[in-house]
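Below is one structure; the comments refer to it alone.
The values are calculated or read from the model by the stated rules, or taken from the named source; none is laboratory data. Everything numeric in this text was worked out from a predicted model, so none of it was measured. For neighbour counting, all protein chains shown are included, and Cβ atoms are generated from backbone atoms with ideal geometry for every residue, glycine included. When the accessible area is computed, the model is the full protein with side chains, heavy atoms only, and any ligands, DNA or RNA have been set aside. Shrake-Rupley method; radii C 1.70, N 1.55, O 1.52, S 1.80 Å.
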Amino acid sequence: MNHEAAVSNAKEIADRVLAPAARENDKEVRFSSEEIKALGPAGLFGIMLPADVGGSALGPRTFAAIVSTIAEADASVAMVYLMHVCAAATIAAARNGATVAPTLKEMPPGGIYRP
């Protein structure tokens with residue numbers, strides 16, 4: 001996946017899934033995990049993970065564009081997404097020799113978010 005495809009995927013999900021649900025979720029003072037799950041099949045959770053563990057190996061520019069796109073539709077979903085990607089990137093940046101590959105492989109592009 002490249003930058004344009006990733007941002008396009010985020011925009012499509014934001015328009016089709018996130019924005020329509022955001023108003024009702026805000027009105028009902030709830031957070032629906034279904035919106036988060038919609039990001040997984042598009043490969044957005046592994047956006048900054050290395051390709052050898054199933055990620056897209058895209059950088060902060062793509063990540064920022066995706067977060068911005070998601071936030072315009074639903075700020076709560078954007079925050080959860082941001083936390084997930086930052087946590088995955090932190091694990092991926094572990095010191096040399098750390099055994100993180102098995103953990104990262106459990107974070108495929110479809111994500112590890114399990115409500």
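Looking for something open to solvent by less than 80 Å² (accessible area, probe 1.4 Å), in contact with a His (Cβ under 7 Å, 6 or more places away or on another chain) and among the hydroxyl-bearing types (Ser, Thr, Tyr) - is there at least one such residue anywhere in the range 52-71?
The answer is yes, given that some residue of the range 52-71 is open to solvent by less than 80 Å² (accessible area, probe 1.4 Å), in contact with a His (Cβ under 7 Å, 6 or more places away or on another chain) and among the hydroxyl-bearing types (Ser, Thr, Tyr).
Is there a residue being over 21 Å from ASP26 (Cβ atoms) and without any contact (Cβ under 8 Å) to a residue 12 or more places away in the chain anywhere in the range 64-81?
Within the range 64-81 (the criterion being over 21 Å from ASP26 (Cβ atoms) and without any contact (Cβ under 8 Å) to a residue 12 or more places away in the chain), the answer is yes, since at least one residue qualifies.
Quick one: is SER56 in a loop (DSSP other than H, G, I, E, B) and among the hydroxyl-bearing types (Ser, Thr, Tyr)?
For SER56, the condition - in a loop (DSSP other than H, G, I, E, B) and among the hydroxyl-bearing types (Ser, Thr, Tyr) - is met.
Check ALA73, ALA78 and return the single one that is in contact with a Ser or Thr (Cβ under 9 Å, 6 or more places away or on another chain), aliphatic (A, V, I, L, M) and at pLDDT 90 or above.
After ruling out the rest, the residue left standing is ALA78.
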